[in-house]
1. Could you list, in sequence order, the residues of the range 35-55 that are under 14 Å from the mean Cα position of the chain (by Cα) and over 18 Å from Y89 (Cα atoms)?
2. Looking at the range 14-30 only, could you name the residues that are open to solvent by 10 Å² or more (accessible area, probe 1.4 Å), at pLDDT 95 or above and not charged (D, E, K, R)?
3. Would you confirm, using the coordinates I've provided, whether F122 is at pLDDT 80 or above and aromatic (F, W, Y)?
4. Here is a list of conditions, (1) closer than 15 Å to C110 by Cβ; (2) in contact with a helix residue (DSSP H, G or I) (Cβ under 8 Å, 6 or more places away or on another chain); (3) not basic (K, R), and N14 meets all of them except one; can you say which number that is?
5. Out of the range 40-77, which residues are open to solvent by 20 Å² or more (accessible area, probe 1.4 Å) and touching a helix residue (DSSP H, G or I) at 6+ places or on another chain (Cβ under 7 Å)?
Amino acid sequence: MKAAIVYYSKHHGNTKRVLDAIAGKYPVELINVIDQPDAELEGYELIGIASGIYAGSFAKPLLKYLKKYLPVKSRVFFISTSAGPKPDYEKSVRKLCIGKECDVLGGYMCLGFNTFGPTKLFGGTAKGHPTREELDDAVSFYEDIMNK
């Protein structure tokens, strides 16, 4: 199965660590939307969408990229990292995907180390995340998605 994960991972690389764990076990192309802003997604049978959470949502550069390049009726899944509780951070990206008639297969979220804003004064939040267990859980999530 030809698979890609498009992503945005900035501050501490939390999301990229999760994706590297998956790519270390399965053949999946990782596409950083900052480094590859014009990468085409046509021809992929499975497309992952991954981001750290910024102001309660997937990163704006990633959403902008998806509006332009996500093919209609794609099979998609979400991966995110956040230092906070787990409300519906996928809302913005899910709405975009549904608008493109995509088949949303599921989502995985784990904690990620954060030193944004005032949290920096206290040494950050979610230190040590993502953990080895969270990385392993992400790989298991991907295995399940591949079998859907």
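The values are calculated or read from the model by the stated rules, or taken from the named source; none is laboratory data. Everything numeric in this text was worked out from a predicted model, so none of it was measured. Every residue, glycine as well, gets a Cβ built from its backbone with ideal geometry; the counts of neighbours run over all protein chains shown. Please note that ligands, DNA and RNA were not included when accessible areas were found on the heavy atoms of the full protein model with its side chains. Shrake-Rupley method; radii C 1.70, N 1.55, O 1.52, S 1.80 Å.
1. Quick first cut of the range 35-55, residues under 14 Å from the mean Cα position of the chain (by Cα) only: 46-54.
Correct list: L46, I47.
2. At the first step, the residues of the range 14-30 found to be open to solvent by 10 Å² or more (accessible area, probe 1.4 Å) are 14, 16-17, 20-21, 23-30.
Still in the list and also at pLDDT 95 or above: 20-21, 23-30.
Listed by number, the residues that qualify are A21, A23, G24, Y26, P27, V28, L30.
3. Numbers: at pLDDT 80 or above: no; aromatic (F, W, Y): yes.
The answer is no for F122.
4. For N14, the failing item is (2).
5. If we filter the range 40-77 for residues that are open to solvent by 20 Å² or more (accessible area, probe 1.4 Å), which is where we start, we get 40, 42-45, 53-57, 60-61, 63-64, 67-69, 72-73, 75.
E40, S57, L63, K67, listed by residue number.
Yes/no per residue for (1) of a type outside the set (D, E, K, R); (2) modelled with pLDDT under 95; (3) farther than 26 Å from S140 by Cβ:
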| position | (1), (2), (3) |
| --- | --- |
| H12 | yes, yes, no |
| N32 | yes, no, no |
| A59 | yes, yes, no |
| Y65 | yes, no, yes |
| S82 | yes, yes, no |
| S92 | yes, yes, no |
| C97 | yes, no, no |
| D103 | no, no, no |
| K127 | no, yes, no |
